[in-house]
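Step one of this worksheet: look at the structure below.
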Amino acid sequence: MTSSAAALPAVPVGAGIRAGLGLTLAAFLAASAWHLSGEAGGTRLALSLVFGALFGFVLQRSRFCFLCVWRDLLDRGDPRGVLGILAALAVGMAGYAVVFGAWLPDPSGTRLPPGAHIGPVGPVLALAGLAFGAGMAVSGSCLSAHLYRLGEGSPTAPFALLGAALGFVLGFLTWNPLYLSGIAEAPVTWLPRHLGYAGSLVAGLAVLAALALWLLRRPLPPRPVPDAVDPLRAVFAAVFVARWPTWLGGLAVGAIGTLAYLRLGPLGVTAEIGGRSRQAAASLGLLPERLEGLDGFRGCATALRDGLLTPNGLFVGGLVVASFAAALAAGQFRPVRPGRGHVLRGLSGGILLGWGAMTGLGCSIGTLLSGIMAGALSGWVFGIAMLAGITVTLRLGRGLLT
């Protein structure tokens, strides 16, 4: 029998103070949402803040990071993280199918479900996914993970987010030729239109089940078995200190994704970054006079922002603050002074992330996660290309270092 210290992380020194600070931040988020809900038209803003906070807490607690879990599988043969991603997709697929069936009973017509992230499928989308995956490997995270790691004090995350803003501007500059050559005529494929809701859901779940069975052929690394410990300490450590199992985070992400779509819109973290980048570039005269067809596509829209507070901005803000609160309570807020490597990796990887997200109309959350949940073929194409970009970049980088 292993010792409880090996199985369950000790409650960090000063845990009471950290937990108090975390609760203070949670109360601040709750009070802000309450205040927003009382303003004219503020319900949507309040819900965005709440869903962002829930999403950030779950991401931080479960280490829900596409790069991390894929790297765990490649390097250590540990499939548990990828199984968590599959769990999120399965829950989201089922939830979206229920919502779609109520809102759009007949999927065979020309209409698409309102707001769902269903984008054009073609070589440009695959190129965007490859670039985004390469940016993840270079910078160390996808954009959503950089946001929650910003709350953990990551030295790379600020520069990756700055690089992403620059990458969005680069994406705007390259959009028109790419649109005219490979996007304008690309098909927008929504699987329920061809298979029906039941057929699309069964097909999607069958793919996920096959992937899960293939992954489960690998032996799972053993987990330590805890000795008996004080129940209150065990609960506190399990919820606020120890990393959650990724499958639990996946189930929570799938549920949050469904509820967010029902009340607000699909999950996504790049609309605010892209919109503010577009606004700044336009004010500096860096954008083309016209971005052909961009505003007519679904996905993480990069429209110019008029107001100070926007739904996606509050979603992102809630994500960062909640992840900071969670990291504080867990003793995982460990800010580090950035070095040259952090700056270079963050900026260069961030540019690839931003260009890929702008060109692909979203990131690993908006295009992949929300897209696949919605039955969009674009989500699968972007996801496969993203994983290929991660794998090739990691292997090339390691090859150069050996």
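The values are calculated or read from the model by the stated rules, or taken from the named source; none is laboratory data. Model, not experiment: these values are computed from the prediction. Ideal geometry is used to build each Cβ from the backbone, glycine not excepted, and the neighbour counts take in all protein chains shown. SASA here: full protein model, heavy atoms, side chains in, ligands and nucleic acids out. Shrake-Rupley method; radii C 1.70, N 1.55, O 1.52, S 1.80 Å.
Could you tell me the distance between the Cα centroids of region 143-211 and region 244-284, to the nearest Å?
11 Å
Give me the net charge of Leu328's neighbourhood, meaning all other residues with Cβ under 10 Å from the Cβ of Leu328; Lys, Arg count +1, Asp, Glu -1.
On the way: positive: Arg18; negative: Glu152.
That sum, taken over residues with Cβ under 10 Å, equals 0.
Quick check: residue separation of Phe28 and Thr110 times 0.36 nm, minus the Cα distance between them. What number comes out in nm?
Working: separation 82, 0.36 × 82 = 29.52 nm, distance 4.45 nm.
Here the answer is 25.1 nm.
Cα axis of helix 191-216 to longest principal axis of the chain: angle in degrees, 0 to 90, nearest 10?
Taking the Cα atoms of the chain, the angle to 191-216 is about 40 degrees.
Heavy atoms only, probe 1.4 Å: what % of the accessible area of the chain goes to carbon and sulfur, would you let me know? Please list the in-between numbers first.
Numbers: 12300 of 17770 Å².
With neighbouring chains kept in place, the figure for the chain is 69 percent.
Please give the peptides 355-365, 107-117 ranked by average Cβ packing (other Cβ atoms within 10 Å per residue), highest first, as a rough proxy for protection.
Working: 355-365: 30.8, 107-117: 15.7.
The densest-packed peptide leads the list: 355-365, 107-117.
Tell me the label-point distance for the pair Arg334, Ala186, using the 7 Å Cα-to-Cβ offset, in nm and rounded to one decimal.
Rounded to a tenth, the inter-label distance reads 4.0 nm.
State the extension gain, in nm to one decimal, for the chain segment bounded by Ala282 and Arg76, taking 0.36 nm per residue of separation less the distance between their alpha-carbons. All intermediate terms of the calculation are to be shown ahead of the outcome.
Working: separation 206, 0.36 × 206 = 74.16 nm, distance 4.58 nm.
Contour length minus Cα-Cα distance gives 69.6 nm.
Please work out how much length the chain gains when fully extended from Leu262 to Ser37, using 0.36 nm per residue of separation minus the C-alpha to C-alpha distance, in nm with one decimal.
Working: separation 225, 0.36 × 225 = 81.00 nm, distance 1.77 nm.
Gain on stretching Leu262 to Ser37: 79.2 nm.
Under a Cβ-Cβ cut-off of 15 Å, what is the net charge of the residues other than Ala374 that fall near it, where Lys and Arg count +1 and Asp and Glu count -1? Intermediate values should be presented prior to the final figure.
Numbers: positive: Arg111, Arg193, Arg298; negative: none.
That works out to +3.
Enter the accessible area per residue of the chain (Å², integer; probe 1.4 Å; all protein chains in place).
Details: 17770 Å² over 402 residues.
Result: 44 Å² per residue.
Count the net charge of all other residues whose Cβ sits under 15 Å from the Cβ of Ser200, scoring Lys and Arg as +1 and Asp and Glu as -1. Walk me through the intermediate numbers first.
Details: positive: Arg193; negative: Asp106.
Overall, the nearby charge balance is 0.
So what's the angle, to the nearest 10 degrees on a 0 to 90 scale, between helix 340-359 and the longest Cα principal axis of the chain?
That works out to roughly 40 degrees.
Quick check: the angle from helix 377-401's long axis to the longest principal axis of the chain, C-alpha only, nearest 10 degrees?
60 degrees
In whole Hz and in residue order, list the ³J(HN,Hα) couplings for region 66-73 that follow from phi through the Karplus curve 6.51 cos²θ - 1.76 cosθ + 1.60, θ = phi - 60°; x for Gly and Pro.
Once θ is set to phi - 60°, the couplings for region 66-73 become 4, 5, 4, 6, 5, 5, 4, 5 Hz.
With percent of Cα pairs over 36 Å apart as the read-out, I listed [x] 22; [y] 18; [z] 27; which label goes with the value calculated from this structure?
From the options [x] 22; [y] 18; [z] 27, the structure gives [x].
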